[in-house]
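The values are calculated or read from the model by the stated rules, or taken from the named source; none is laboratory data. For clarity, every value in this text was computed on a predicted model and none was experimentally measured. Please note: Cβ atoms are built from the backbone with ideal geometry, for glycine as well, and neighbour counts cover all protein chains shown.
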Ligand code: UN1
């Protein structure tokens, strides 16, 4: 047993259902495998339908208490929660790296993202502002205020097994909501560790049982969440295909959904780019988290005048990448999450070749000692025409497609010419190009960056995308509004009842 597991109170077999201090087990124990060495890290018991119902009932009870706690008091608990995550940063970063295969540096970065959103939410708890407006009627006052919504269902993916939960739950909690989290079955131990850290802080503050719940389970639990009328908001992260199902199920019962789905993110590299910045950003974007971020860079759109030069730099950089155990220092890229992901990666390479793509850096499985889990692959680069069918799809793997352009308008059209619209960037020191890229005629994505890559957003901004990327916005800015219900209040302090729109009605 690794030290970080015992510090995080992960046992050989773990209950996977919890309302806080209370943990419930079931007879259905499933292993969580590490893609790093292929070993079983620990077992987790999964929820059945009856367990799910117990959790929702507890959450409903908790909501009636938690919503009455003043927001700044709730914010103070979340401030302490940030400190809880600071205390376990190394251990949780190690677990994330071991359970998902992302580099230890990225594991630490993910815990930092949890800490940052706790700090943000704590400040937010004193800034839940509504507008006031002037009434058209004499002696009337109008304003709007935000009230708590209820239970927020959170469905997360394996690639950000802690941060995306925290973006949602930290905001939901300061807004007076309670959360029920269904983590990815590929990373349940990270969820259990996060819940244990949370319940340690919540218990110290007498936060009611049920404010933070975890329900480990398979798709059936996700389906229960989406169909459940008791859950006014479902926030789901995953593939576009999954998002479509969630959107339909939640809309059917007129619930609200917040969807953060796939991306097909591109970087435009202009002749006026700082090529060293462009190179580092492109390589980190393409191979960070082994290409398994929704913000991963999948396409490079390079100006023809620098195309050959930049290609050479890229190939050279790829030759220097260190792939291996992500917990060791100096490793750039670890394994893919599992063998199914490896199959998807290999199939995409074959399709790309069949469609006419030409590989500048070949892909394939890495074999030999240290790669025993059979989840380690070679990051690869293919030269393609932008309209190849495979290039329209998000393959969650380190496959980078490069293509050339002649005019900035053409580059923007290529960047926008896919069904997804999450993240985008331009590398250029030319103000005319960068402003065009950011203008209404520019990128159609939820995130548009200049001289930084497509991944690695800060929590302070709103995170999310357009089109097939789902349209949701999470984390910073005014995203908290999604977790509350807005109420407009009009108050008459006069001795008449004038009606709006000047309507006369006398009795
Ligand atoms: C995701 O891949 O689902 O911007 C989230 C980033 C991270 C979050 C990614 N801060 O790459």
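Of everything in the range 235-256 that is outside any helix (DSSP H, G or I) and away from the ligand (no atom under 16 Å from the Cβ), the residue that is nearest to residue 467 (Cα to Cα) is 256.
In a residue-by-residue description of the range 51-71, the property of being in contact with a helix residue (DSSP H, G or I) (Cβ under 6 Å, 6 or more places away or on another chain), surrounded by 14 or more Cβ atoms within 10 Å (Cβ to Cβ) and under 13 Å from residue 224 (Cβ atoms) applies to at least one position. Among the residues of the range 147-188, those identified as touching a strand residue (DSSP E or B) at 6+ places or on another chain (Cβ under 6 Å) and over 22 Å from residue 242 (Cβ atoms) are 147, 149, 175, 176, 177, 178. Taking the range 118-169 as the region of interest, the strands (runs of 3 or more DSSP E) fully inside it that hold 2 or more residues being touching a helix residue (DSSP H, G or I) at 6+ places or on another chain (Cβ under 6 Å) are 151-155. Remark: residue 363 matches the filter, which requires a residue to be touching a strand residue (DSSP E or B) at 6+ places or on another chain (Cβ under 7 Å) and in a loop (DSSP other than H, G, I, E, B).
Somewhere in the range 377-395, is a residue within 16 Å of the ligand (Cβ to nearest atom), at negative phi and modelled with pLDDT of 95 or more?
Yes, the conditions are met somewhere in the range 377-395.
Hey, does the range 293-306 have a residue that's surrounded by fewer than 17 Cβ atoms within 10 Å (Cβ to Cβ) and touching a residue at least 24 places away in the same chain (Cβ under 8 Å)? There is at least one residue in the range 293-306 that is surrounded by fewer than 17 Cβ atoms within 10 Å (Cβ to Cβ) and touching a residue at least 24 places away in the same chain (Cβ under 8 Å). Does the range 213-230 contain at least one residue that is assigned to a loop (DSSP other than H, G, I, E, B) and crowded, with 23+ Cβ neighbours inside 10 Å? Yes. Within the range 280-315, the set of residues being closer than 13 Å to residue 379 by Cα and part of a helix (DSSP H, G or I) comprises 282, 283, 284, 285, 286, 287, 288, 289, 290, 291, 314, 315. Condition first: crowded, with 23+ Cβ neighbours inside 10 Å and more than 16 Å from the ligand (Cβ to nearest atom). Can you find one or more residues in the range 443-457 that meet it? No: the range 443-457 contains no residue that is crowded, with 23+ Cβ neighbours inside 10 Å and more than 16 Å from the ligand (Cβ to nearest atom).
The residues listed here are 414, 390; of these, the one that is closer than 30 Å to residue 366 by Cα and in contact (Cβ under 8 Å) with a residue 12 or more places away in the chain is 390. Screening the range 278-301 for residues that are away from the ligand (no atom under 14 Å from the Cβ) and under 19 Å from residue 445 (Cα atoms) and picking the one that is farthest from the chain's Cα centre (by Cα) gives 301. The set of residues in the range 170-199 being touching a helix residue (DSSP H, G or I) at 6+ places or on another chain (Cβ under 8 Å) and assigned to a helix (DSSP H, G or I) consists of 170, 171, 172, 173, 174, 189, 190, 191, 193, 194, 197, 198.
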